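The values are calculated or read from the model by the stated rules, or taken from the named source; none is laboratory data. Quick caveat: nothing in here was measured; it's all calculated off a predicted structure. Glycine also receives a Cβ, built like all others from the backbone with ideal geometry; neighbour counts cover every protein chain displayed.
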Amino acid sequence: MDPTIFYAFKTIAAIVDRALGTLWISFFSLRFAMTQAPASGKDQAPVEVGAADLPLHCPGPRAPLWSMHPRVFLDVTRTGAVNCPYCGAHYQLAAGTVVHGH
């Protein structure tokens, strides 16, 4: 076997191994984070949302960079209040908000 091809395969194998290892670590970090109890809504003021904020997702567009997590859409219209499963932020539908369905 040509040494150039051998080193090319070895380099590709190392890159793939590193990428899969990083993916594996990211997966377990996410699973660990999702099993942790989110912060309770009692220590945070509820975030009031209106019809203009729907569909509601967390983190919001004005969230600081340090608080970023994967975007999750939350259904606040059903019960009037919802907690984010990642960060525990408590969202509450503003009083008198008229929600228009599809």
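The table below gives the values:
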| item | result |
| --- | --- |
| Residues (outside any loop (DSSP other than H, G, I, E, B), touching a strand residue (DSSP E or B) at 6+ places or on another chain (Cβ under 6 Å) and surrounded by fewer than 11 Cβ atoms within 10 Å (Cβ to Cβ)) located in the range 43-102 | Phe73 |
| Residue among Asp53, Asp2 that is at pLDDT 80 or above and not hydrophobic (A, V, I, L, M, F, W, C) | Asp53 |
| Scope the range 56-102; condition over 15 Å from Gln44 (Cβ atoms), among the aliphatic types (A, V, I, L, M) and out of contact with any His (no Cβ under 7 Å at 6 or more places or on another chain); matching residues | Leu56, Leu65, Met68, Val76, Leu93, Ala94, Ala95, Val98, Val99 |
| Residue that is under 15 Å from the mean Cα position of the chain (by Cα) and modelled with pLDDT of 90 or more, where the choices are Phe32, Phe73 | Phe73 |
